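Scroll down for the structure; my scribbles are underneath it.
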Amino acid sequence: MDDCLQGIRVLDLSQYIPGPYAGRLLADFGAEVLKIEPPHGDPMRSFGLVDRDGVSPFYKSLNRGKTVSVLDLKSAEGQQTFRALVAAADVLIESFRPGVFDRLGFGADALAAINPGLVHCALSGFGQTGPYRLRAGHDLTYMAVVGGLAATGTRERPVMIAPPMADNAGAMHAVMAITAALVRKQRTGKGARLDLSLAESALALCSMGMTVALRDGMAREDDLLNGGAAYYQIYRCADDRFLAFAPIEEKFWQGFCAAVNRPDLLPRHAEALPQTALIADLTALFASQPLSWWEDVLHPVDCCFEPLTALQDVPAHPQVQARQMVQVTGPADEPTAEVPFPCWTDGQAPRLGAPLQVEEAAVMLARWS
């Protein structure tokens, strides 16, 4: 997939996770991505873990395959250089709060005047319009607004979602919208103004649960997908390890009942939700043996069962290794887990993009001119 967008030039002015991840995906597809940062840099440079070189591995991973240049958009010289870069670009991604880019002199109309064919993606928390347009937020608060948190967790309380759903969904929706707009541009020459909201990207994933809630009401541990079904649960084993259990279809449930020699459980698959009594019975059953015992019994059976894999063990998972989906880079004492774009193409495994590069904006302008 790393030549699909070859020749496409992308200006990435975004920070933190969503916009940079969207830019990285475009780079994975072969686009030339120039990340423009203010003099103080992207705050993600020092977010969370920091390597010996003073830079976060998260920042490096989110910006692999890109070139990074520093440009002061508040200066006359910086604005002049940026206008020239916009004129040469195909795509611009920015994550300013609504109104900020306009005050810098680069609102949607100004950008369209510089480059009528530009695909301009404004990625913000709540979108460019509406009463929440200027409200500060992060993934946790976006998920609160769209109902995702209220539907996730136990009856006693909601739980946080990891990895950040709105941030990542926003990045992916941005890439889908950008690539669709590029296809249209190829056909018509027309650019696009894309108003992408992180909250709405998560909202788009909540419609099934919302439909259930509108019709019958839905509380946590009420619905099949949020803990109400015994056959779609996480259970604790005797050694305090956990397993995921999901025999939704009748044939998988039958395979499970046969494997554990419990024919009495067969008709209980159809019990009404929430299946509180059946959940309690299976909780006791799974707690009676260690995880390794359940692996021996259930892995040979087609019944939708898997142990919970700790994140540090994922790179060594046989399926992950067979698909070449995690590459651990860096020195042994500073490992970084890198996942390429997850798509095999024409029988070939995906390739990992090059590490980010740093270059002067003037040099990049000369290259693009």
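Could you tell me how many of the residues in the range 104-148 are among the hydrophobic types (A, V, I, L, M, F, W, C) and without any contact (Cβ under 8 Å) to a residue 40 or more places away in the chain?
10
Which of the helices (runs of 4 or more DSSP H) contained wholly in the range 149-221 include at least 3 residues that are touching a residue at least 24 places away in the same chain (Cβ under 8 Å) and of a type in the set (Val, Ile, Thr)?
Here the list reads 165-188.
The conditions are (1) under 25 Å from the mean Cα position of the chain (by Cα); (2) buried (at least 19 other Cβ atoms within 10 Å of the Cβ); (3) not in a loop (DSSP other than H, G, I, E, B), and THR141 fails exactly one of them. Which is it?
If we test THR141 against (1) under 25 Å from the mean Cα position of the chain (by Cα); (2) buried (at least 19 other Cβ atoms within 10 Å of the Cβ); (3) not in a loop (DSSP other than H, G, I, E, B), just (2) comes out false.
Considering each residue of the range 300-336, count those that are without any contact (Cβ under 8 Å) to a residue 40 or more places away in the chain and touching a strand residue (DSSP E or B) at 6+ places or on another chain (Cβ under 7 Å), and give that number.
So the answer is 6.
Here are some residues: ALA272, ALA258, ALA280. Which one is hydrophobic (A, V, I, L, M, F, W, C), assigned to a loop (DSSP other than H, G, I, E, B) and open to solvent by 30 Å² or more (accessible area, probe 1.4 Å)?
Answer to the selection: ALA272.
Show the residue pairs that are 6+ apart or on different chains and have beta-carbon atoms under 7 Å apart, the first residue being within the range 66-89 and closer than 20 Å to ALA108 by Cβ, the second being of a type in the set (Ser, Thr, Tyr) and not in a helix (DSSP H, G or I).
Note: pairs meeting the criteria are ALA88/SER369.
Please determine, by comparing only the residues of the range 222-255 that are of a type in the set (D, E, K, R) and assigned to a loop (DSSP other than H, G, I, E, B), which one is surrounded by the fewest Cβ atoms within 10 Å (Cβ to Cβ).
Residues of the range 222-255 that are of a type in the set (D, E, K, R), as a first pass: 222-223, 236, 239-241, 249-251.
Among the residues that remain, those that are also assigned to a loop (DSSP other than H, G, I, E, B) are: 222-223, 239-241, 249.
Numbers: ASP222: 18, ASP223: 20, ASP239: 12, ASP240: 9, ARG241: 14, GLU249: 14.
Here the residue is ASP240.
Residue by residue through the range 90-100, note down the ones that are under 14 Å from LEU73 (Cα atoms) and without any contact (Cβ under 8 Å) to a residue 40 or more places away in the chain.
VAL100, the sole residue that qualifies.
Could you check the range 198-256 and list, in sequence order, the residues that are of a type in the set (D, E, K, R) and under 30 Å from ILE93 (Cα atoms)?
GLU200
Which residue is nearest to VAL50 (Cα to Cα), if the candidates are limited to the range 318-369 and must be among the small types (Gly, Ala, Ser) and open to solvent by 80 Å² or more (accessible area, probe 1.4 Å)? So that I can check it myself, show each step before the final result.
Kept after step one, since they are among the small types (Gly, Ala, Ser), are these residues of the range 318-369: 322, 330, 332, 337, 347, 349, 353-354, 361-362, 366, 369.
If we keep only those that are open to solvent by 80 Å² or more (accessible area, probe 1.4 Å) as well, we get 332, 369.
Working: ALA332: 15, SER369: 36 Å.
Out of the qualifying residues, it is ALA332.
Quick one: GLN324 ticks every box in (1) on the phi > 0 side of the Ramachandran plot; (2) part of a helix (DSSP H, G or I) except a single one, so which number is it?
That leaves (2) as the condition not met.
Could you tell me which numbered condition LEU182 fails, if it satisfies all but one of (1) open to solvent by 50 Å² or more (accessible area, probe 1.4 Å); (2) of a type outside the set (Gly, Ala, Ser); (3) closer than 30 Å to GLN6 by Cα?
Every condition holds for LEU182 apart from (1).
The values are calculated or read from the model by the stated rules, or taken from the named source; none is laboratory data. Every value quoted in this text rests on a predicted model; they were computed, and no experiment measured them. Note that each Cβ is placed from the backbone with ideal geometry, even for glycine, and that neighbours are counted across all protein chains shown. Just so you know, the surface numbers come from the protein's heavy atoms only, side chains and all, with ligands and any DNA or RNA stripped out. Shrake-Rupley method; radii C 1.70, N 1.55, O 1.52, S 1.80 Å.
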